[in-house]
Amino acid sequence: MDYKKEDYIKFMQLYSHQSWLSKKESSLEALIATCDTYEQKKLIFSLLDRFHYLKEDVVHLFLGQMVDYIMNSGFEKERIQLVACTYDNEADSGQKILDMIKVPLFERGWRNIKTVNVVGKAIKTISEGKNQIIIIDEFLGTGRSLRTRVEWLNKNANQPIEIKCCFMAGMKYAVETLKADSIDIFCPLQLEKGISEYFEGDKLVHAIKDMINLESKLAKIIQEKKLEDYSFGYGKAEALYSLENGNTPNSVFPVFWWLKDEKGNERKTILTRYEKGFE
């Protein structure tokens, strides 16, 4: 890659810190090329330098932490059901993590644990005596979806139930808000917002302005999806997170995964977000 002289050191430093980006070289170069100012480039380099890109070994570490939480939750094996935080029959990250967590649980003696891949199906299992529920998912963004699932289960269970939640990663502010509302949640990797909880004063003002300008180069709408709904990440989450070979959460800044530019051309994106409605 023929880097501009003023960018070369930044690229090399970033690759040394985030080796996964070396496989995204052309996509990163294309993103940097859209920057109009040096400050915009600095912002992109800063965000990526602080990005959490979970590879297999780290994923297994966090799965182990989640298993510890489940086994020490105070719930009884005979009454537990592990439920993916999934609303419909579309495969998602909650179902993926639920499937991955079964093996370490089995290895540690927790066998024949009831698993449910859609929240709505948990009601039938509750009637069968599995009234201690642990909701499982990969990433917590704003926490709105989880709150909705918890409220729905409590409303429709038709009997007393206990609910705990277990996520691999999530936004720290969302975890704290849920806990303040007495929702029991375990989340080993908690992230701060990439811009508003990192920069301060004038630097924060400029960083927000720079990101707005960078987003102005993206398509305002793709099919039924509006960029304004995902600006700074869905719900303004400002997430810096993705799973290797996983589906990037919509909480992540769209400059890293939005499919088209302002002219409607396909972008070379650093990350991939699969979501119905974009095509």
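The values are calculated or read from the model by the stated rules, or taken from the named source; none is laboratory data. As the structure is a prediction and not an experimental result, all values here were calculated from the model. Using ideal geometry, Cβ is built from the backbone for each residue, glycine included, and neighbour counts are taken over all protein chains shown. For accessibility, only protein heavy atoms count, side chains too; no ligands or nucleic acids. Shrake-Rupley method; radii C 1.70, N 1.55, O 1.52, S 1.80 Å.
Please get the size of the charge dipole for the chain, origin at its Cα centre, with Cβ charges of +1 on Lys and Arg and -1 on Asp and Glu, quoted in debye to the nearest 20.
The calculated dipole for the chain is roughly 420 debye.
Using the Cβ atoms and a cut-off under 15 Å, what net charge is assigned to the surroundings of Leu43, where Lys and Arg are +1 and Asp and Glu are -1?
Net charge in that neighbourhood comes out at -2.
Given segment 102-222, what percent of its DSSP beta bridges are antiparallel, to the nearest 5?
Roughly 0 percent of the DSSP beta bridges within segment 102-222 come out antiparallel.
Arrange the peptides 177-184, 116-123 so that the one whose residues have, on average, the most other Cβ atoms within 10 Å appears first. Working shown, then result.
On the way: 177-184: 13.0, 116-123: 19.0.
Ranking, from highest mean packing down: 116-123, 177-184.
Taking only protein heavy atoms and a 1.4 Å probe, what accessible area per residue, in Å², does segment 180-246 have with all protein chains in place?
On a per-residue basis, 53 Å².
Expressed in whole Å with the largest first, what are the equivalent ellipsoid semi-axes of the chain derived from the C-alpha gyration tensor as the square root of 5 times each eigenvalue?
On the way: eigenvalues 284, 75, 57 Å².
Square roots of five times the eigenvalues give 38, 19, 17 Å.
Using a Förster distance of 30 Å, how high is the FRET efficiency between Ser27 and Tyr87, based on the Cβ-Cβ distance and rounded to 0.05?
Values: r = 31 Å, r/R0 = 1.03.
Calculated value: 0.45.
What is the local net charge at Lys130, summed over the other residues whose Cβ is closer than 14 Å to its Cβ (Lys, Arg +1; Asp, Glu -1)?
Value of the local net charge: +2.
Considering only Cα-Cα distances, which of the following residue pairs are longer than 31 Å: Lys23/Lys220; Lys96/Lys209; Lys172/Lys217; Lys114/Lys236; Lys164/Lys209? Let's see the in-between values first.
On the way: Lys23/Lys220 28 Å; Lys96/Lys209 37 Å; Lys172/Lys217 29 Å; Lys114/Lys236 35 Å; Lys164/Lys209 39 Å.
Beyond 31 Å between Cα atoms: Lys96/Lys209; Lys114/Lys236; Lys164/Lys209.
Would you list, by chain and number, the aspartates and glutamates whose Cα falls below 20 Å from the Cα of Lys77, excluding same-chain residues fewer than 8 positions away?
Asp68, Asp99, Glu107, Glu128, Asp137, Glu162, Asp184
Against the longest principal axis of the chain, how steep is helix 56-71, in degrees 0 to 90 to the nearest 10, with axes from Cα atoms?
The two axes meet at around 30 degrees.
Hey, any idea what Rg/Rh is for segment 91-247, computing Rh the Kirkwood way over Cα pairs?
Taking Rg over the Kirkwood Rh, I get 1.04.
Once Lys and Arg get +1 and Asp and Glu get -1 on their Cβ, which of Asn265, Gly194, Ser231 lies farthest toward the positive end of the dipole of segment 189-279?
Positive-most Cα among the choices belongs to Asn265.
Find the centroid of the Cα atoms in segment 5-59 and in segment 113-143, then give the distance between the two in whole Å.
38
Tally the DSSP beta bridges in the chain and give the antiparallel ones as a percent, rounded to 5.
Approximately 15 percent, going by the DSSP bridge assignments.
If each of Lys217 and Lys172 carries a label point 7 Å out from its Cα toward its Cβ, how far apart are those two points in nm?
Calculated label separation equals 3.0 nm.
What number, in percent, do you get for the relative contact order of the chain if the mean sequence gap of Cα pairs under 8 Å and at least 6 apart is divided by its residue count? Mind dumping the intermediate values first?
Details: 410 pairs, mean separation 51.2, N = 279.
The value is 18 percent.
Give the relative contact order (percent, whole number) for segment 51-198; include only Cα pairs under 8 Å separated by 6+ residues.
24
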